[in-house]
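Worksheet: one structure, shown below.
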Amino acid sequence: MPSFDYLLVRFIVYGFFGWIIESGYKTIGQRRGFINSGFLKGPLIPIYGFGAVIMIVLERLFSTPLSLLSPGFRLAIEIFSFTAVCTVFEYCIGFFYETVFKIKLWDYSKKPFNFKGRVCLKNTLLWALLVTAFILFIEPGVDSLIARHLSAPFLRNFVYAAALAAIMDATASTFELKSTADFIIRLRDRFSMLDPTSIRVLFSKMSNRYLRQFPNLRELATDGLHRFLAEDFMERESDSVVAKVLRVLRDPPMEESQMDGEYLDAVRDILANKKVKSMALIPHHDASILQHSLTVSQAAFVVAERYGLDAVSVARGALLHDFFLYDWRKTRVKHHATGHAKTALRNARANFSLNEIEADIILTHMWPLSRKFYRFRESFVVSVMDKLVSAKEMRGTDIPEIVRELVAKRMPRR
C-alpha cells in the first residue's frame, strides 16, 4: 500500500495538472479571457488529484490478480475500471453540490446519454482517454521525474505546505460558493433591480469567478435576472412612464424638432458631430446605427428621469453605446458581438469627454456576452433598453409581446 506522503505528492501534482488542462480548455473554448477553473482560487482542482490517488490505490490493491492476465487484457480491465470509478466520482461530486449548496455547477441534461444531468457519455469517453494517458504515459513520467529530480526532504516540505494552502483555500472557497449559491437562489424572490444596494450585490456576484467558470451557474443567474426584468415590465405596463417608453420605442423621434427639450440639451453636441452623423449610413438590424442608438437613448432617458438617475449621462452614454463606426455585416471584425463595446468606448473617448457612468454604459451594454457587469444603475437601464429595442428591430414584434414571450416561454415560472 502506498505511503501517505506518496499519495499526497500525487494528489498535489495531478490536481495541478488537471487545473492546467481544464483552465486552458475553458479559456480557449469560451474566449472570455483567462478562466481560473475549478472550485479553489489556487492552481489546483481536487477532483483530478483524488481521481489519480484512487486509481493508484486500486492498482496496488489488485496488482497481484492483475499480474496473472496478459498485458493487453490487463490494460483493458484497468481502463474500463478506472473510467467507471472516475465517472461515479464525478456523479458523487455533482450530487454533493446539489445537496449541500442547492445548485448545479454543471448540467449535462441536454447532452445525449446523460444520467440526471451529472454525468454523460461524452465526459465518460473523455475520462477514458485521460485514464489511458495516465496509465501509459503520465504516471510513469511523473514517477521518474520525482525520483530523479526531487529530494525527499524538499518534496515533503513543499507538499505539506501546498496541502495546508489547499485546505485554507478550500475553506474560503466553500464560503464564497455558498454565498454565490444563496444569491442565485434569491433571484427567485423579488427585489428591486433599481435599488442601489441591489445593483451593488448584482455587480459583486455577477462578476465573481464561479459564474465565469461554470456556464450553468451563469445561465441560471442570467435567466433569473432577465425574468425579473420581464415580470417587472408586465406589472408596470399600465404605468404612465412605461406608456411613454412604449411610445418612444414604437415611434422614436428622429428629428431634433420632435425630441424632448431636456433630452436634446443633453445630447446636442453629440448629434452635431460628423462621425455620429455618419452612423446614419451604417445599417444595424432593420434600421441604422444612429436610429437604433437614438431609440435606446431616448427610451432610457425617460426611465432614468422616472427613477431619479443621472438622465444626462444615460442619454449620452446610450447614444454612443454602438459608436464603433463600421458595418459589421461587411467588415470582417473578429468577435464583433463581444468586442465592439470596447471599440465604441475607444472612439467615444477620442471624440468626447466621458464621465465614469457614460463609459460604463458603453462598456457593459452587451452583458452577458461581455465580461464586465454593470457598475451603475444607469448602465443597467441602458442595457435593458438596448435588448428590447434590438429584439423589436430584429423580429418586428411589439415590445409587450416580446416581454410576454420571455415570461411565458423562455423563462417559465418555477
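Every number here is computed from the coordinates shown, using simple stated rules; none is lab data. Fair warning: this is a prediction, and the values are worked out from it, not measured in the lab. Using ideal geometry, Cβ is built from the backbone for each residue, glycine included, and neighbour counts are taken over all protein chains shown.
Note: relative contact order over the stretch 279-354, using C-alpha pairs below 8 Å and six or more positions apart, is 26 percent.
Each residue of the stretch 370-381 was assigned a 3J(HN,Hα) from its phi angle through the Karplus expression (A = 6.51, B = -1.76, C = 1.60, θ = phi - 60°), giving 7, 6, 7, 9, 4, 8, 10, 4, 4, 5, 4, 4 Hz with x at Gly and Pro. Between residue 175 and residue 369, the modelled label-to-label distance comes to 3.9 nm, taking each label 7 Å out from Cα in the direction of the beta carbon. Less than 5 angstrom separates the built amide H of residue 287 from none of the residues sequence-distant by 5 or more or on a different chain.
Are there GluC sites (Glu not before Pro) in the stretch 254-327 that DSSP puts in a loop and that have at most 12 other Cβ atoms within 10 Å, and which ones? Qualifying residues, ordered by number: 255.
Note on the stretch 158-172 and the stretch 57-104: Cα centroid distance 25 Å, given to the nearest whole angstrom.
For the stretch 61-112, the list of chymotrypsin sites (Phe, Trp or Tyr not before Pro) that fall in a loop by DSSP and count at most 14 other C-beta atoms within 10 angstrom reads 62. The spread of Cα positions in the stretch 311-393, taken along each principal axis and listed from longest to shortest, comes to 34, 29, 23 Å. Here the Karplus curve 6.51 cos²θ - 1.76 cosθ + 1.60, taken at θ = phi - 60°, turns the phi angles of the stretch 68-81 into couplings of 7, 8, 5, x, x, 5, 4, 4, 4, 4, 5, 4, 4, 5 Hz, with x standing for Gly and Pro. Segment residue 75..residue 36, full-extension length gain: 10.7 nm, with 0.36 nm per residue of separation and the alpha-carbon distance subtracted.
As a test of understanding, state the convex hull volume per residue of the stretch 307-356 from its alpha carbons, in Å³.
94
From the largest down, the stretch 1-69 spans 50, 27, 13 angstrom on the principal axes of its Cα atoms.
Take every Cα pair under 8 Å in the stretch 4-176 that's 6+ residues apart, average their separations, divide by the length, and report that relative contact order as a whole percent. Present the calculation step by step, with values, prior to reporting the outcome.
On the way: 133 pairs, mean separation 39.9, N = 173.
With pairs under 8 Å counted, the relative contact order is 23 percent.
With both labels modelled 7 Å from their Cα along Cα-to-Cβ, the residue 54 to residue 346 distance reads 4.8 nm.
Each peptide in 273-281, 116-124 receives the mean, over its residues, of other Cβ atoms within 10 Å, and ordering these scores from highest gives 116-124, 273-281.
List the equivalent ellipsoid semi-axes of the stretch 138-180 in whole Å, largest first, each obtained as the square root of 5λ for an eigenvalue λ of the Cα gyration tensor.
Equivalent-ellipsoid dimensions as semi-axes: 31, 14, 4 Å.
Using the count of nearby Cβ atoms within 10 Å as a rough guide to exposure, how do 103, 20, 93 rank from fewest to most?
Fewest to most other Cβ atoms nearby, the residues stand as 20, 93, 103.
Shown is the FRET efficiency for residue 256 and residue 356, computed with R0 = 22 Å from the Cβ-Cβ distance and rounded to the nearest 0.05: 0.20. Peptides 242-248, 44-50, 311-317 ranked from most to least packed give 311-317, 44-50, 242-248, packing being the mean of other C-beta atoms within 10 angstrom over each peptide's residues. Each Cα pair under 8 Å and six or more residues apart adds its sequence gap; the mean of these over the residue count of the stretch 99-153 is a relative contact order of 16 percent.
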